[in-house]
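Here the structure comes first, spelled out in structure tokens, and everything after it is commentary.
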Amino acid sequence: MTEVNAEQDNKDVPNDDTLLLIRGNLKTREETTEYVKKVASAVCSVVQKHDVANLRCVGAASLNNAVKAIAIAKGEFAKKGVDIAAIPSFHTVKFNEEEKTAMVLEVIPLND
């Protein structure tokens, strides 16, 4: 699991190398832009290594960052002739000692 959300309580998160926990509200626009680029890079790396990346988002801001990162990653994969798709689903997760509904975006390559 790649930790990209320091606020989340990860005691109940299984050790999953394909899981990326996406952060939401950041302090500045520049910080958000850099963060999204790092997430896009992580998506590319994880998909290349494991053929799947799962981006877990709690809240609209983290989902927005995940979608931007997937768009950037899609452009990077397109340069290599590979297309990717994101499959959304809902999961219940423990977040700050509360159960919340998270959206998980499963990113997969469509061709090799």
If I go through the range 63-81 residue by residue, how many of them are among the polar types (S, T, N, Q) and closer than 17 Å to Ser41 by Cβ?
1
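Name every residue in the range 27-40 that is without any contact (Cβ under 8 Å) to a residue 12 or more places away in the chain and over 10 Å from Lys68 (Cβ atoms), in order of residue number.
First pass over the range 27-40, keeping only residues without any contact (Cβ under 8 Å) to a residue 12 or more places away in the chain: 27-31, 33-34.
The answer is Lys27, Thr28, Arg29, Glu30, Glu31, Glu34.
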Quick one: count up the residues across the range 56-83 that are farther than 17 Å from Glu34 by Cβ and touching a residue at least 40 places away in the same chain (Cβ under 8 Å).
4
With the range 13-101 as the region, which strands (runs of 3 or more DSSP E) entirely inside it contain at least 1 residues that are among the charged types (D, E, K, R) and surrounded by 16 or more Cβ atoms within 10 Å (Cβ to Cβ)?
53-57
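None of the figures in this text is laboratory data; all of them are computed from the coordinates on show. The structure displayed is predicted, hence computed values, not measured ones. Virtual Cβ from ideal backbone geometry, glycine too; neighbours counted across all protein chains shown.
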